[in-house]
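Chemist: Please find one structure pasted underneath; my questions will follow.
The values are calculated or read from the model by the stated rules, or taken from the named source; none is laboratory data. Model, not experiment: these values are computed from the prediction. Quick reminder, even Gly has a Cβ in these numbers, built from the backbone with ideal geometry, and neighbours come from all protein chains shown. What goes into the accessible areas is simple: the full protein's heavy atoms, side chains included, and nothing from ligands, DNA or RNA. Shrake-Rupley method; radii C 1.70, N 1.55, O 1.52, S 1.80 Å.
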Amino acid sequence: MKRVLITGGSRGIGAAILEAFAAAGDRVAFVYRQNDGAAERMAAKSGAFAIKADVSDPDEVRRAVREATEALGGAPDVLINNAGVASLCLSRDLSDAEFRRVLDTNLSAVFYFCREVQGAMIAKGFGRIVNIGSMWGKVGASCEVAYSAAKAGVRGLTMALAKELGPSGITVNCVEPGVIDTDMNASLDADARAELADATPLCRLGTAKEVADAVLFLSSENAAFITGQCLGVDGGFAV
Ligand code: NDP
């Protein structure tokens, strides 16, 4: 039984990751921002502990990790940095505030959580951290300058932290999804979805469960010698 902390576990990919860990018998706490109804449903369904906090605020992150440690009966062995926001906009129209919001939620938050949980992991000599990046952090997306920059930052953070924490028995990896059928893509119309499926060598969008399966693997004993890696779960899109 592992103690697992997941950010953005109320919906989409995070909810699938939560269900996978809960089904494996692990103890899970998750963070969400505002959707109380979705969080309550996930908590009731899975037995996981819900924490309402804004991952882009370092004080809120400190509180969330404290609450998770209490609810889990000990510090997390596994941290999944999944919470994220997308933002579609021409770069010339992108405001300072929106650029910072996207960077803070997708990248700074990953740093804040990694900073908070690592002390206990180092003391135990064991830890697993999986960051959810995006294929757009690898190849860049038009009209998603802030999002692509943040997710490219997640790649760099993952590799650097893997080197820093490896000697302490902690692995740090990144999963980079392609186009996955979640609320984040709810605004895409049928034509846009078909175009994205066409551009994917496996000819379809991915599912949240397919991302969760990769996250579970990287958190498992079977991945004990894998660290600093960015694993694409994108149907071949970014090859
Ligand atoms: P969703 O929009 O479906 O869910 C986002 C989750 O993150 C929700 O649980 C939401 O909480 C939480 N969240 C958002 N902002 C904050 C915040 N400031 N503080 C706390 N929690 C927050 O997203 P997906 O499941 O689609 O995406 C999950 C991850 O996967 C993201 O990092 C995303 O960038 C990445 N990804 C997704 C892809 C896709 O095609 N869907 C492709 C590539 C990467 P609440 O319910 O309260 O709003």
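Chemist: For the chain, with every protein chain kept in place, what is the accessible area per residue (1.4 Å probe, Å²)? If you can, show how the numbers build up before the last one.
Modeler: Details: 10920 Å² over 239 residues.
Accessible area per residue: 46 Å².
Chemist: Here's a follow-up. Can you tally the net charge around residue 143? Count Lys and Arg as +1, Asp and Glu as -1, for every other residue whose Cβ sits under 15 Å from the Cβ of residue 143. Intermediate results must be reported in sequence, preceding the final value.
Modeler: Working: positive: 92, 151; negative: 93, 98, 144, 195.
Residues close to residue 143 contribute a combined charge of -2.
Chemist: Considering amide H positions built from the backbone, and no H for Pro or chain starts, which residues 5 or more places from residue 6, or on another chain, come under 5 Å of its amide H?
Modeler: Excluding prolines and chain starts, which carry no amide H, the hits are 29, 30, 31, 80.
Chemist: Next question. Using just the C-alpha positions of the chain as equal point scatterers, what log10 of I(q)/I(0) does the Debye formula give at each q in 0.09, 0.16 1/Å?
Modeler: So the normalised log intensities work out to -0.34, -1.14.
Chemist: Summarise the accessible area of the chain (1.4 Å probe, protein heavy atoms) by the percent that is carbon and sulfur.
Modeler: 53 percent
Chemist: Using r as the Cβ-Cβ distance of residue 190 and residue 89, and R0 as 22 Å, what FRET efficiency do you calculate, to the nearest 0.05?
Modeler: Computed FRET efficiency for residue 190 and residue 89 comes out at 0.45.
Chemist: Multiplying the sequence separation of residue 66 and residue 1 by 0.36 nm and subtracting their Cα-Cα distance, what value in nm do you get?
Modeler: Values: separation 65, 0.36 × 65 = 23.40 nm, distance 1.98 nm.
Extending this stretch completely gives an extra 21.4 nm.
Chemist: At 1.4 Å probe size, with no ligands or nucleic acids counted, give the accessible surface of residue 184 in Å², nearest ten.
Modeler: Here the accessible area works out near 90 Å².
Chemist: Tell me the net charge near residue 21. Cut-off is 15 Å between Cβ atoms, residue 21 excluded, with +1 for each Lys or Arg and -1 for each Asp or Glu.
Modeler: Residues near residue 21 contribute +1 overall.
Chemist: Would you work out the charge dipole size for segment 181-239 about its Cα centre, treating the Cβ of every Lys and Arg as +1 and the Cβ of every Asp and Glu as -1, and quote it to the nearest 20 debye?
Modeler: The dipole of segment 181-239 has a size of about 180 debye.
Chemist: With a point put 7 Å past each Cα toward its Cβ, work out how far residue 52 is from residue 164 in nm, to one decimal.
Modeler: So the two model labels end up 3.2 nm from each other.
Chemist: Still on this model: Can you tell me the orientation of helix 58-72 relative to the chain, as the angle in degrees between its alpha-carbon axis and the longest Cα principal axis, to the nearest 10?
Modeler: Tilt of helix 58-72: around 50 degrees.
Chemist: Please state the charge dipole magnitude for the chain, taken about the Cα centre, from unit charges on C-beta atoms (+1 on K and R, -1 on D and E), reported in debye and rounded to the nearest 20.
Modeler: I would put it at about 660 debye.
Chemist: Compute the distance in nm between two label points, each set 7 Å from the Cα along the Cα-to-Cβ direction, one at residue 122 and one at residue 199.
Modeler: My value for the distance between the label points is 4.2 nm.
Chemist: For residue 48, what charge total do you get from the other residues with a beta carbon under 10 Å from its beta carbon, if Lys and Arg give +1 and Asp and Glu give -1? Provide the component values of the computation, followed by the final result.
Modeler: Working: positive: 27, 45; negative: 19, 26.
Local charge sum for residue 48: 0.
Chemist: Oh, and also: Compute, for residue 203, the solvent-accessible surface of its heavy atoms (probe 1.4 Å) with the complete set of protein chains present, and express it in square angstrom to the nearest 10.
Modeler: 100 Å²
Chemist: Another question, then. Where does helix 109-124 land angle-wise versus the long Cα axis of the chain, in degrees 0 to 90, nearest 10?
Modeler: 30 degrees
Chemist: If you average the alpha carbon positions of segment 159-223 and of segment 102-129, how far apart do those two centres end up, in angstrom?
Modeler: After rounding, the separation between the Cα centres reads 19 Å.
Chemist: Helix 208-218 versus the longest principal axis of the chain: what angle, 0 to 90°, nearest 10, using Cα atoms?
Modeler: Roughly 40 degrees, rounded to the nearest 10.
Chemist: Can you list the HN-Hα couplings for segment 27-41, worked out from phi with the Karplus curve (6.51, -1.76, 1.60; θ = phi - 60°), rounded to whole Hz and with x for Gly and Pro?
Modeler: 8, 10, 10, 9, 10, 9, 9, 9, 7, 4, x, 5, 5, 5, 4
Chemist: Which value in nm describes the separation of the simple spin-label points at residue 36 and residue 139, placed 7 Å from the Cα toward the beta carbon?
Modeler: Between residue 36 and residue 139, the simple spin-label model gives 4.2 nm.
Chemist: Next up: Set Lys and Arg Cβ to +1 and Asp and Glu Cβ to -1, take the dipole of segment 151-224 about its Cα centre, and tell me which of 206, 219, 178 lies farthest positive.
Modeler: Among 206, 219, 178, the one farthest towards the positive end of the dipole of segment 151-224 is 219.
Chemist: Percent relative contact order of segment 1-144, based on C-alpha pairs within less than 8 angstrom and at least six residues apart? Walk me through the intermediate numbers first.
Modeler: On the way: 232 pairs, mean separation 36.2, N = 144.
In percent, rounded to a whole number, it is 25.
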